[in-house]
Amino acid sequence: MKKLRCCVIDDEPLANRLITDYVERTPILELAGSFGSTQDAVKTVLDGKIDLVFLDIQMPQLNGLEFAKIIPADCRIIFTTAFDQYAVQGFKVNALDYLLKPISYDDFLSSVNRAVSWHEMKCAAEGRSTAPDYLMVKSDYKLLQIPLRDILFIEGLKDYVKIYLTQDQRSVMTLMGMRTLEQYLPESMFMRIHRSYMVNLHHIRVIERNRVVFGSHHIPISETYRAAFNDYISRHSVALLRDDSDTD
Amino acid sequence: MLSLWVNSTVIYVMDNLERKYRGEIQNDPKAELDRLKTQLNPHFIFNTLTSIYALIDFDRDQARRAVRQLSHLLRYVVYDIPEATLERDLQFTRNYISLMKLRLRPGDVLDVHIGCGDCGDLPIAPMLFVTIIENAFKHGRFTDSSNPISISITARDGHVNCHTVNPYTPDQSSDAPHGVGLFNLRRRLQLLYGDSAILTTEGDGRLFVCDLNINLNQK
């Protein structure tokens, strides 16, 4: 797993040094910087791709609670303080945890574990959403970038695929197998409904007698893919659900 | 827990002291509250404990020294205050400064001169200097100025003078940057010494100067 990039911000030099030391001896953490004031930390925290900040609350000028408000949302905060009067406030600014000084390494580690599980969740979510929303294909000696949302459906032809686009009934032919292309397309958007056809679910407007209709094109839903396709349709169909309840 | 205990003990001790110095008891609850605020700041104790906790890893000898100093300091606050003399109070002040030094950053410079002169045995209301010194640290610690925090306490012929100079950044959000602590100190001085104590403060936007003169020969 990727290390979590951390910042330590504490105006008390010894408290700062201890937390910094804890960070350095924890393999899952990477120290991006250690600062004696919020002002010194601003630059790194705002553009340093920081995952986790250990933030003291009681600091002169811009204190930890005020500073927390400008920390990017995808960066989590563990407050460190010698006084508990700020605890409730601390959670209001969406802190991951709150550590009361003096902080033992055990307490530190249990907070870090919370940060690690949060980070794993975040990475998983990003992995789903960072798939590119376009396709690069070679056609007629040109490289074309096709936004996925512009694709109506795809037809497999021997060694080629023919990509039908939403605009002007245009299509693009490219040398590629259906199976290869399928791997580049998000499952949530494209579905195979026939050995030779894959449709963009977002563009389905009419289904008629086991055929998906795109203008003049009638795409057959073959036996093999029917169950999966019908399942998708019933999950998204308000009308069918209502019909069911009416018949009761 | 510790802070509550120290505070309540201190309130009790302070009551005795006010009697001793004024010959009367203050019953005004507001005055009680203000007196409470003049005491050792619990933040100081917790920050010091946190620093010592870290020192155990980094410098055991210094950690031991700091525990001794904190123990002397608490002993003075808890037990010895009724018998406060200038010498004892200055010893307390030295311990306080030593512990505050743990919280200085590498660039901070501190300049301290403390002596009781020929007045060591004179009784004095305890912990009058701490507020002033706490302020000097609080505001002097985070300015980029090359000026040191300077603390001087001298005494002669029954007159004691505490003089601090620290760099500071004027706080635009407040017109009294060294507000509450010094305000309470002023009230306490008025109560204890009346016209025999003079506290002056002056900030020019760059350096803050605090000067306290007390005539201990009063009465």
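The values are calculated or read from the model by the stated rules, or taken from the named source; none is laboratory data. This one's a predicted model, so the numbers in the text were calculated from it and none came from an experiment. Cβ coordinates were reconstructed from backbone atoms using ideal geometry, including for glycine residues, and neighbour counts include every protein chain displayed. In case anyone asks, the SASA skips ligands and DNA or RNA and just uses the protein heavy atoms, side chains included. Shrake-Rupley method; radii C 1.70, N 1.55, O 1.52, S 1.80 Å.
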Report summary line: Across chain A, qualifying lysine pairs (alpha carbons under 16 Å, at least 8 places apart or different chains) come out at 9
Report task. Please work out the average accessible area per residue across segment A:4-129, using the 1.4 Å probe convention, and give it in Å². Result -> 44 Å²
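For A:D21, A:D231, what's the largest-to-smallest order of accessible area, 1.4 Å probe? Write down the numbers at each step before the final one.
Numbers: A:D21 45, A:D231 75 Å².
Of A:D21, A:D231, the descending order of accessible area is A:D231, A:D21.
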Query - Accessible area (Å², 1.4 Å probe, nearest 10) - A:E223 - result: 140 Å²
Query raised in the report: Ordering A:E30, A:E187 by how much accessible area each has at a 1.4 Å probe, largest first, what is the list?
Result: A:E187, A:E30
Query raised in the report: Shielding of B:45-58 by partners, i.e. mean partner chain Cβ atoms within 10 Å per residue?
Result: 6
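Give the residue list of trypsin sites (Lys or Arg not before Pro) in segment A:147-193 that are DSSP loop and have at most 13 other beta-carbon atoms within 10 angstrom.
Numbers: sites: A:R149, A:K158, A:K162, A:R170, A:R179, A:R192; in loops: A:K158, A:R170.
Those that pass, being in a loop and sparsely packed, are A:K158, A:R170.
Using the reciprocal of the averaged 1/r over all distinct C-alpha pairs, how large is the Kirkwood radius of chain A in Å? Walk me through the numbers on the way to the answer.
Details: mean 1/r = 0.0446 Å⁻¹.
Value: 22.4 Å, from the Cα pair sum.
Taking 8 Å as the Cα distance limit and 6 or more residues as the minimum spacing, I'd like the relative contact order of segment A:134-247 as a percentage.
Values: 154 pairs, mean separation 18.9, N = 114.
Rounded, it is 17 percent for segment A:134-247.
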Query raised in the report: Across segment B:93-99, in residue order, what do the Karplus-derived ³J(HN,Hα) couplings come to in whole Hz, using 6.51 cos²θ - 1.76 cosθ + 1.60 with θ = phi - 60° and x for Gly and Pro?
Result: 4, 4, 4, 4, 5, 4, 6
Query raised in the report: Under DSSP H, which helices of chain A have Cα atoms covering 27 Å or more of the helix axis and a Kyte-Doolittle average no less than -1.0?
Result: A:105-129
Report task. Can you send over the carbon and sulfur percentage of the accessible area for segment A:134-247, probe radius 1.4 Å, protein chains only? Result -> 49 percent
Report summary line: With all protein chains in place and a 1.4 Å probe, A:M173 shows an accessible area in Å² (nearest 10) of 80 Å²
Query raised in the report: When the solvent-accessible surface of protein heavy atoms is calculated with a 1.4 angstrom probe, in what order do A:Y105, A:Y141 fall, highest first?
Result: A:Y141, A:Y105
Query raised in the report: Mind checking the mean number of beta-carbon atoms from other chains within 10 Å of the Cβ atoms in A:6-18?
Result: 5
Query raised in the report: Can you give the percent of C-alpha pairs in segment A:4-129 whose distance is more than 22 Å?
Result: 27 percent
Query raised in the report: Which cross-chain or sequence-distant (5 or more) residues have an amide H under 5 Å from the amide H of A:M173, H modelled 1.01 Å from N in plane?
Result: A:I163
Query raised in the report: Ranked highest first by average number of other Cβ atoms within 10 Å, how do B:55-61, A:41-47, B:86-92 line up?
Result: B:86-92, A:41-47, B:55-61
Query raised in the report: Taking a probe of 1.4 angstrom, what is the accessible area of B:Y53 in Å², to the nearest 10?
Result: 80 Å²
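At a threshold of 8 angstrom on Cα-Cα distance, excluding pairs fewer than six apart, so keeping six or more, what relative contact order does chain A reach in percent?
Working: 354 pairs, mean separation 23.1, N = 248.
The value is 9 percent.
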Requested in this report: Read phi for every residue in segment B:162-167 and hand back ³J(HN,Hα) as whole Hz from Karplus 6.51 cos²θ - 1.76 cosθ + 1.60, θ = phi - 60°, with x for Gly and Pro.
Outcome: 10, 10, 10, 10, 9, x
Report task. Pick out which of A:S117, A:S237, A:S188 has the largest mean-square fluctuation in a Gaussian network model of chain A, springs linking Cα atoms closer than 10 Å. Result -> A:S237
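Which whole-number percent is the relative contact order of segment A:97-190 (Cα, under 8 Å, 6+ apart)?
This gives 16 percent for segment A:97-190.
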